[in-house]
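J.: First the structure, then my questions, so here it is.
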Amino acid sequence: MFTERPFFDRNVEILKAVDLLKNASQIGFDADRVLINSKKPVISEFNRIFKSNYSEEAIDSWYAVANLAMLHGVKEKRAVELDRALWTSPRILGESVPCRGAIPLTLKLAATGKRIMVVTSRIP
């Protein structure tokens, strides 16, 4: 059952955001922590790989996943590669839950004909 519409209809912050962006022809949104929260699937995959049991709270910095991998004996270069691979995996991104308000905001903006792009500063 789709439940986003009632939230959208009464959410003043979303309406304010749409109004602020009314003159923009295209809008870019960062993926993680703006449109989606990928911490849970990232740490779940990390836990699967290393047979560990970290929680989302273990991801507390930009290179937290790489740092955790190094604690498991992975060399720095490979740890950074793993970090990047987990954060940019299409499967993991697809398993990430939307942030509150992301669906109604992007639907409303799309309905106005705006071009919406998803961006990230993480290097694939």
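J.: Residue 24 - would you say it is modelled with pLDDT under 85, surrounded by 10 or more Cβ atoms within 10 Å (Cβ to Cβ) and not in a helix (DSSP H, G or I)?
T.: yes
J.: Looking only at residues that are in contact with a Leu (Cβ under 8 Å, 6 or more places away or on another chain) and not basic (Lys, Arg) in segment 80-121, which one is surrounded by the most Cβ atoms within 10 Å (Cβ to Cβ)?
T.: Across segment 80-121, the extreme among qualifying residues is 109.
J.: Between a first residue in segment 46-63 that is surrounded by fewer than 15 Cβ atoms within 10 Å (Cβ to Cβ) and in a helix (DSSP H, G or I) and a second residue that is modelled with pLDDT of 95 or more and hydrophobic (A, V, I, L, M, F, W, C), which pairs have beta carbons less than 6 Å apart while being 6 or more apart in sequence or on different chains?
T.: 56/43
J.: Next question, about the same structure. Of (1) farther than 22 Å from residue 46 by Cβ; (2) free of Cβ contacts under 8 Å to residues at least 60 places away in the same chain; (3) of a type outside the set (A, V, I, L, M, F, W, C), residue 112 satisfies all except one. Which?
T.: Condition (2) is where residue 112 drops out.
The values are calculated or read from the model by the stated rules, or taken from the named source; none is laboratory data. Here the structure is a predicted model, which means the values were calculated and not measured. Every residue, glycine as well, gets a Cβ built from its backbone with ideal geometry; the counts of neighbours run over all protein chains shown.
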